[in-house]
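Worksheet: one structure, shown below.
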Amino acid sequence: MTHRTIRVGVTLPTFREDAAALGFARDAEAAGLDGVFVFDHLWPMGRPDRPALAAFPLLGAVAAVTDRVVLGPLVARVGLVPDDVMVHRFLALAGLAPGRVVAGLGTGDAKSAAENHAYGVPVLDAPARRRSLAALASTLSGSGLPVWIGGGSKATVDVAVTAGVAVNLWEAGPAAVAAQAARTEVTWGGPVPADGDGIVALLAPLAAAGATWVVCAWPASLQAVADAADRLRQG
């Protein structure tokens with residue numbers, strides 16, 4: 001995979017009470033970035049005292065105020081809603097933003113279980129969550145949506161490989177990206193340095209290792225990410 005093929009996105013700042021993420025999404029599009037993504041949590045990890053915007057209503061609003069950028073959750077957790085509801089959430093979003101939706105899916109883990117418990121949502125065991133994950137990946141990819149599965153464990157990665165969909169690796173190094181890219185499409189997510197040179201130094205080896213997308217956790221400078229993206233595309 002060459003640097004010219006890499007696509008660069010950012011996660012939007014959603015752990016707040018206002019809807020500033022909409023303006024940031026427009027800024028990201030204007031800066032030439034390829035995508036904007038949101039977390040699917042009921043509160044920031046380990047901070048139930050802090051707010052979090054709901055992923056799909058926000059993504060619908062982002063779809064309405066942008067024209068080009070790809071958008072999606074990074075990642076929507078199975079088990080928070082019934083599988084049929086999850087499918088229709090994605091299909092409704094795809095109706096608002098045709099050709100621009102990534103179906104990011106994940107199983108969650110022990111770190112996010114407290115969110116379920118707080119709202120009386122049962123936590124399915126890991127095999128049951130993986131069965132739902134596999135069914136959702138099959139249905140959504142069959143509907144024409146690109147699917148990314150959060151690669152939190154080998155068993156989850158195996159679901160992605162069997163389904164023939166992408167694996168999203170969070171904060172993985174180039175060696176891990178290259179190893180996974182030999183099996184299926186790989187996208188990457190994680191925090192990045194504040195300066196453009198540091199961003200390029202981090203992301204260029206990931207692009208060379210085969211990542212098709214890099215999604216930067218909400219950065220210190222959106223323009224620095226946009227400039228780095230231009231440099232990566234130019235090789």
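The values are calculated or read from the model by the stated rules, or taken from the named source; none is laboratory data. The model shown is predicted, which means the values in this text are computed figures rather than measured ones. Cβ coordinates were reconstructed from backbone atoms using ideal geometry, including for glycine residues, and neighbour counts include every protein chain displayed.
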Kindly provide the set of residues from the range 29-85 that are without any contact (Cβ under 8 Å) to a residue 40 or more places away in the chain, of a type in the set (Gly, Ala, Ser) and farther than 23 Å from Glu171 by Cβ, ordered by number. Ala30, Ala54, Gly60, Ala63, Ala64
Quick one: what pairs do we get from the range 180-194, first residue under 19 Å from Asp34 (Cβ atoms) and touching a residue at least 24 places away in the same chain (Cβ under 8 Å), second surrounded by fewer than 19 Cβ atoms within 10 Å (Cβ to Cβ) and among the charged types (D, E, K, R), C-beta under 8 Å, 6+ apart or different chains? Gly189/Glu171; Gly190/Glu171; Pro191/Glu171
Residue check, His88 against (1) exposed (fewer than 14 other Cβ atoms within 10 Å of the Cβ); (2) touching a residue at least 12 places away in the same chain (Cβ under 8 Å), all met but one. Which one? (2)
Scan the range 219-235 residue by residue and report those that are more than 12 Å from Ile6 (Cβ to Cβ), buried (at least 16 other Cβ atoms within 10 Å of the Cβ) and out of contact with any Phe, Trp or Tyr (no Cβ under 8 Å at 6 or more places or on another chain). Pro219, Ala224, Val225, Ala226, Asp227
Name the residue, out of Ala160, Ala166, that is small (Gly, Ala, Ser), within 18 Å of Leu74 (Cα to Cα), without any contact (Cβ under 8 Å) to a residue 40 or more places away in the chain and buried (at least 20 other Cβ atoms within 10 Å of the Cβ). Ala160
Determine the pairs where a residue that is in contact (Cβ under 8 Å) with a residue 40 or more places away in the chain and more than 13 Å from Val62 (Cβ to Cβ), located within the range 7-25, has a partner that is in a strand (DSSP E or B) and of a type in the set (Ser, Thr, Tyr) with Cβ atoms under 8 Å apart, the partner being 6 or more residues away or on another chain. Arg7/Thr212
Here are Trp188, Trp213: which of them is within 26 Å of Val157 (Cβ to Cβ), among the aromatic types (Phe, Trp, Tyr), out of contact with any helix residue (DSSP H, G or I) (no Cβ under 9 Å at 6 or more places or on another chain) and buried (at least 24 other Cβ atoms within 10 Å of the Cβ)? Trp213
Give the residues of the range 3-20 that are surrounded by fewer than 22 Cβ atoms within 10 Å (Cβ to Cβ) and either modelled with pLDDT under 85 or more than 21 Å from Leu232 (Cα to Cα) (or both), sorted by residue number. His3, Arg4, Thr5, Pro13, Phe15, Arg16, Glu17, Asp18, Ala19, Ala20
